[in-house]
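Structure record follows, encoded as C-alpha cells.
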Amino acid sequence: MRVGRSVEGRPIEGYIRGKRGRPTILVFGGFHGDEPKSVFLARRLIELLTTDPSAASNVRWVVLPVVNPDGYERRKRRNANQVDINRNFPTRNWARTSRRSRMFGGTEPASEPETDTVIKAVKRYRPVRIVTVHSIDGHRQCNNYDGPGEAVAAAMSHVNGYPVTYSMGYGTPGSFGTWAGLERNIPTITLELPSHHSPKLCWEDNRPALLACAEVL
Ligand SMILES: [Zn+2]
C-alpha cells in the first residue's frame, strides 16, 4: 500500500504482515539511497513474512522498505532536494547546515515529504519498537540504539554478533533515532549492516536478529 510520496512523486510503499491487533514492530529500509543492502534486507523480511506467516511470531510487522525512493533510484544518500532524511527530523537539536554537506538537514525541520511519511507511519502504527536499517563501511557494523532500546539491541547482538552501541544524541542533529528513541521513548534500533558483506550474508546474519526483536516483547 502507498503510505506516501517522494519529492519526485515516487510512491513510498508500506507492507503490513503478521498478527492484527498485536503490538507493532516498524521496520524502515532505504533512508539513504546509497545503502541498497538495507532495502534488500527489508524486502527479504517482507517476503519471509508473506511466505511463512508463522515467522511473524505474535506481533504485527509494518515494513517500509524504501523510505527515500528518489535517492534509491540514483543510488545517492540524499533525496531529490539534496536533503539527508536522517537529519531532517524535528528534534530539539535539529541544526541548519550547508546544502553542500552530505548530511544537509533541510531548510527547516521535517521539510521533506519522505520525513513526513515516516513521522505519519510512527504516529499511525504506534510501534512498540522500531528497526531502521542502514549500512556502514570500515567494519563498524553495529546494533545502535536510541531511547529504551538496549534490551532489543542486546537480543539482536546475541544473534548477529554485531556490537551494541548507544547514541547519546550527540553529533546526529535531526536524526530519526533522536526523534523516535530519545524524544518519544520508543525503543529504536539503527541496524548498521557491514557494507563489505554481501546482501545474502547480511540477510542470513540478520534474519534471526530481526525476528529476535519479536521474541523479547
Ligand atoms: Zn545510512
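What the table below lists for this structure:
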{"read-out": "Theoretical ellipticity at 222 nm over the chain - DSSP helices of four or more residues, -39500 (n - 2.57) apiece, nearest 500", "value": "-9000 deg cm²/dmol"}
{"read-out": "Karplus 3J(HN,Hα) series, Hz, for segment 42-50 with 6.51 cos²θ - 1.76 cosθ + 1.60 (x for Gly, Pro)", "value": "5, 5, 5, 4, 4, 4, 4, 5, 7"}
{"read-out": "Residues in segment 169-212 reached by a label modelled at Asp137 [backbone nitrogen below 19 Å; 7 Å Cα→Cβ]", "value": "192-199, 202"}
{"read-out": "Angle between the chain longest axis and helix 113-125 axis [Cα atoms, degrees, rounded to 10]", "value": "40"}
{"read-out": "Mean projected area (nm²) of the alpha-carbon convex hull when segment 2-215 is viewed from all directions", "value": "10.5"}
{"read-out": "Pairwise label distance in nanometres, Glu215 with Lys200, each label 7 Å out on the Cα-Cβ vector", "value": "2.5"}
{"read-out": "DSSP-loop chymotrypsin sites (Phe, Trp or Tyr not before Pro) across segment 127-217, with at most 16 other Cβ within 10 angstrom", "value": "Tyr170"}
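Taken together, the values in this text are just the output of simple stated rules run on the coordinates, not laboratory data. Given the structure is predicted, the values throughout are model-derived calculations rather than measurements. Cβ sites come from the backbone with ideal geometry, for glycine too, and all protein chains shown count toward neighbours.
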